[in-house]
Amino acid sequence: MALELKPNCEYCDKDLPPNSGQARICTFECTFCADCVEDVLRNVCPNCGGGFERRPIRPAREWRLGLSLALRPPSTKRVRLSYERDEIADFVAKVVQVPPNER
């Protein structure tokens, strides 16, 4: 199963195309831009409380049979957070105090 490659930051709605080096994901594939992860979310996913990693870039070229961006396209469904910004700020402030390996 391939990553969904969501098209936008769930916080600010910035476009994050499949080849973006600015996309960050958590283990549940919640997707945010690097600016929001660093400046607002402080590396805390507002959905699950986990951390983020750089989202891999799916090869546009079919190096292996059946494995390429054209054959496994990214999602076109834009995702938005279901929490208010003040709820997110409170959640992040609480979770960021816990060391990542203890979350």
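The values are calculated or read from the model by the stated rules, or taken from the named source; none is laboratory data. Nothing here was measured: the structure is a model prediction, and the numbers come from that model. A quick note on method: Cβ atoms are made from the backbone with ideal geometry, for glycine too, and the neighbour counts reach across all protein chains shown. The protein model used for the area step is the full one, side chains on, heavy atoms only, and it has no ligands, DNA or RNA in it. Shrake-Rupley method; radii C 1.70, N 1.55, O 1.52, S 1.80 Å.
Place a point 7 Å from Cα of N19 in the direction of its Cβ. Which residues in segment 58-81 have their backbone N less than 13 Å from it?
Only 58-62, 69-70 pass the distance filter.
When the helices in the chain are scored as -39500 (n - 2.57) per DSSP H run of 4 or longer and the sum is shared across all residues, what 222 nm value do you end up with, to the nearest 500 deg cm²/dmol?
-4500 deg cm²/dmol
Select from D13, D90, D35 the residue whose mean-square fluctuation is largest in a Gaussian network model of the chain (Cα-Cα springs shorter than 10 Å).
Per the Cα network of the chain with a 10 Å cutoff, D90 tops the list.
Expressed as an acute angle from 0 to 90° and rounded to the nearest 10, what is the orientation of the C-alpha long axis of helix 85-95 relative to the principal long axis of the chain?
Result, in degrees: 80.
Accessible area per residue, 1.4 Å probe, Å², for segment 1-98: what's the number?
Roughly 63 Å² per residue, with all protein chains present.
Taking amide hydrogens as modeled 1.01 Å from N in the peptide plane, which residues meet the under 5 Å criterion relative to T31, leaving out close sequence neighbours?
Hits under the 5 Å cutoff: E10.
What is the spin-label model distance, in nm, from D39 to K94 if the labels are put 7 Å beyond Cα along the C-beta direction?
2.7
Mind listing the phi-derived Karplus ³J(HN,Hα) values for segment 68-79, rounded to whole Hz, using 6.51, -1.76 and 1.60 with θ = phi - 60°, and x for any glycine or proline?
In residue order, the calculated couplings are 6, 4, 5, 8, 10, x, x, 5, 10, 7, 6, 10 Hz.
How compact is segment 56-103 by the rule of thumb for globular proteins, expressed as Cα Rg over 2.2 N^0.38 Å?
Taking the Cα Rg and dividing by 2.2 N^0.38 Å, one obtains 1.92.
Would you mind telling me the share, in percent, of accessible area of segment 7-92 contributed by carbon and sulfur at probe 1.4 angstrom?
Using a 1.4 Å probe with all protein chains present, segment 7-92 comes out at 51 percent carbon and sulfur.
To make sure I understand the rule: partners must be lysines, Cα under 23 Å from the Cα of K14, and not fewer than 8 residues away in the same chain. Which ones qualify?
Result set, ordered by chain and number: K6, K77.
Take every Cα-Cα distance within segment 17-62, group them into 5 Å bins from 0 onward, and report for each bin the whole-number percent of pairs it holds.
5, 25, 31, 18, 12, 5, 3, 0
How large is ³J(HN,Hα), in whole Hz, for each residue of segment 55-65 in order, when computed from phi with the Karplus curve 6.51 cos²θ - 1.76 cosθ + 1.60 and θ = phi - 60°, using x for Gly and Pro?
6, x, 9, 6, x, 6, 8, 7, 6, 10, 3
Quick check: convex hull over the Cα atoms of the chain, volume per residue in Å³, rounded to an integer?
101
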